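Here the structure is laid out as structure tokens; the discussion comes afterwards.
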Amino acid sequence: MVKKARPSIQLRGHWTPGHSGITGNELGDDEAKRAAAGYSSARHKLPKAFQKQLPHSVSARKQAYRKRTEEIAAQIWSASPRIDRLAMRDLRMRRPARFFHKHTIKLNLTRRQHNMLVQLRTGHIGLNGHLFKIGKALTAECLHCEGETETVAHFLMRCPAYERERRQFLQRRGRRPETIAELLTTPEAFKRVIRYVDVTKRLSAIFGDET
Ligand SMILES: [Zn+2]
């Protein structure tokens, strides 16, 4: 086609791996990016085919739709009482047990401290939520909060009875509060979590008082 319009032109073909580092190609990429950002030539200067409104890109449409769906799903989840369970699942997926063990060794944790973290992470722990499930407590309710199941998340993150301890020992001063997944998967937070459990004395029947 080009040959027909300009018979004198010389064309040479090159094979290039992945199109990268070729000056012409890079320039083309830059122009495409500029166009995508809204810097386009005046409409009347464009080839005829591009002067009309282009059809919407199917993949861009799909992507926008998926993003919106995810946002709505996240909102529904965060309002759901099952969020605690989701958070626990998230924390197991994000940091596999191998990673966890490696760091508890690095931090020089005692067996008692290690067990405490494992129990917090799995939810198999002496809090009413779990004890009730396995038939070892008469209620799943928190001792301090009527109508609230005493889950790990309730105990660590929300129970108002331990607000003072939470602020003093668990949360970092002047920084945003961490999520439960962050607290239980970030080695930097492990000692704060242990300290918090100890000072609340909520689990001292199981773990004893700190020594
Ligand atoms: Zn409570």
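The values are calculated or read from the model by the stated rules, or taken from the named source; none is laboratory data. Note that the structure is predicted; figures quoted are calculated from it, not measured. Note that we place each Cβ from the backbone using ideal geometry, even for glycine, and neighbour counts take in every protein chain shown. Heads up: the accessible areas ignore ligands, DNA and RNA and are worked out on the full protein's heavy atoms, side chains in. Shrake-Rupley method; radii C 1.70, N 1.55, O 1.52, S 1.80 Å.
Mind listing whichever residues of the range 190-210 are of a type outside the set (Lys, Arg) and buried (at least 16 other Cβ atoms within 10 Å of the Cβ)? Residues satisfying the conditions are Phe190, Val193, Ile194, Tyr196, Val197, Asp198, Val199, Thr200, Leu203, Phe207. A search for C-beta distances below 8 Å between a residue of the range 161-186 that is more than 22 Å from Lys201 (Cα to Cα) and modelled with pLDDT of 95 or more and any residue that is more than 16 Å from the ligand (Cβ to nearest atom) and of a type in the set (D, E, K, R), counting only pairs 6+ apart in sequence or on different chains, returns nothing.
Inside the range 137-155, residues that are surrounded by fewer than 14 Cβ atoms within 10 Å (Cβ to Cβ) and more than 8 Å from the ligand (Cβ to nearest atom) make up a count of 4.
When restricted to residues that are without any contact (Cβ under 8 Å) to a residue 40 or more places away in the chain and over 24 Å from the mean Cα position of the chain (by Cα), the range 187-199 contains 3. Per the listing Gly123, Gly129, the residue uniquely over 21 Å from Phe100 (Cα atoms) and out of contact with any Leu (no Cβ under 9 Å at 6 or more places or on another chain) is Gly129.
Screening the candidates Arg158, Arg164 for the property of being surrounded by 13 or more Cβ atoms within 10 Å (Cβ to Cβ), more than 23 Å from Leu107 (Cβ to Cβ), out of contact with any helix residue (DSSP H, G or I) (no Cβ under 6 Å at 6 or more places or on another chain) and among the basic types (Lys, Arg) yields one hit, Arg158. Scanning the range 120-136 for residues that are open to solvent by less than 50 Å² (accessible area, probe 1.4 Å) and away from the ligand (no atom under 14 Å from the Cβ) gives Leu120, Arg121, Gly123, Ile125, Gly126, His130, Leu131. Would it be correct to say that Glu31 is among the acidic types (Asp, Glu) and open to solvent by 100 Å² or more (accessible area, probe 1.4 Å)? Yes, satisfied.
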